[in-house]
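The values are calculated or read from the model by the stated rules, or taken from the named source; none is laboratory data. Please read these numbers as outputs of a predicted model, since none were measured by experiment. No Cβ is skipped: glycine too gets one built from the backbone with ideal geometry, and neighbour counts run over all protein chains shown.
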Amino acid sequence: MADTIREQIISAFITRMAAWKTVSGFNHNCGASVFRAVQHIDEADVPACVLFPRAEEVTKQYGQNVCDMVLRVEAVAEIGTTNPSVIQEQLLGDVITIMTDPAVSVTNKMTSIVYTAGGPAETPKAEDTTVAVFAEFTVKYNTLTGNPYSQ
């Protein structure tokens, strides 16, 4: 069977996140290691990013389901000699851009995407070698009532 509209959107964002590289104008190369819904990333894979599809809210409207799906992105980078807070702010800026840049059409299956929350995952300790951020986005899309495969 074909993928649901939801799955098509998630897959499109996984593909988009692979473009998160310094050669594309970003601060970090998190697109070198893109994962879906994994809790642990090996240090060998850093820098990296993870997409977590979350729950959605649905309202019914004129024979359609109007879906608001939350996507959470987490990104990890090495600290090096740069202040960890600076790296976290760069990562946050990168993730907002990679997910919401209006100049890039990720998929025509969604009607909008909005950045709703984000920031540093935690303050790194002196012994930490990596830092992380998270960002959450709400993606709006429609499906036909009773048919999550069609719009």
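Yes/no per residue for (1) in contact with a Phe, Trp or Tyr (Cβ under 8 Å, 6 or more places away or on another chain); (2) of a type in the set (A, V, I, L, M, F, W, C); (3) more than 23 Å from Ile14 (Cβ to Cβ):
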{"position": "Glu78", "(1), (2), (3)": "no, no, no"}
{"position": "Ser85", "(1), (2), (3)": "no, no, yes"}
{"position": "Glu89", "(1), (2), (3)": "no, no, yes"}
{"position": "Ser105", "(1), (2), (3)": "no, no, no"}
{"position": "Ala121", "(1), (2), (3)": "yes, yes, no"}
{"position": "Phe137", "(1), (2), (3)": "yes, yes, no"}
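Here Glu57 passes the criteria (1) in a strand (DSSP E or B); (2) charged (D, E, K, R); (3) at pLDDT below 95 except the one numbered (3).
Go through the residues of the stretch 42-50 one by one and say whether even a single one is surrounded by fewer than 18 Cβ atoms within 10 Å (Cβ to Cβ), part of a strand (DSSP E or B) and modelled with pLDDT of 95 or more. No, every residue in the stretch 42-50 fails to be surrounded by fewer than 18 Cβ atoms within 10 Å (Cβ to Cβ), part of a strand (DSSP E or B) and modelled with pLDDT of 95 or more.
Residues that are over 30 Å from Gln151 (Cβ atoms), in contact with a helix residue (DSSP H, G or I) (Cβ under 7 Å, 6 or more places away or on another chain), in contact (Cβ under 8 Å) with a residue 60 or more places away in the chain and buried (at least 18 other Cβ atoms within 10 Å of the Cβ) do occur in the stretch 9-26.
Among the residues of the stretch 65-120, just one is in contact with a helix residue (DSSP H, G or I) (Cβ under 9 Å, 6 or more places away or on another chain), of a type in the set (S, T, N, Q) and surrounded by fewer than 17 Cβ atoms within 10 Å (Cβ to Cβ), namely Thr82.
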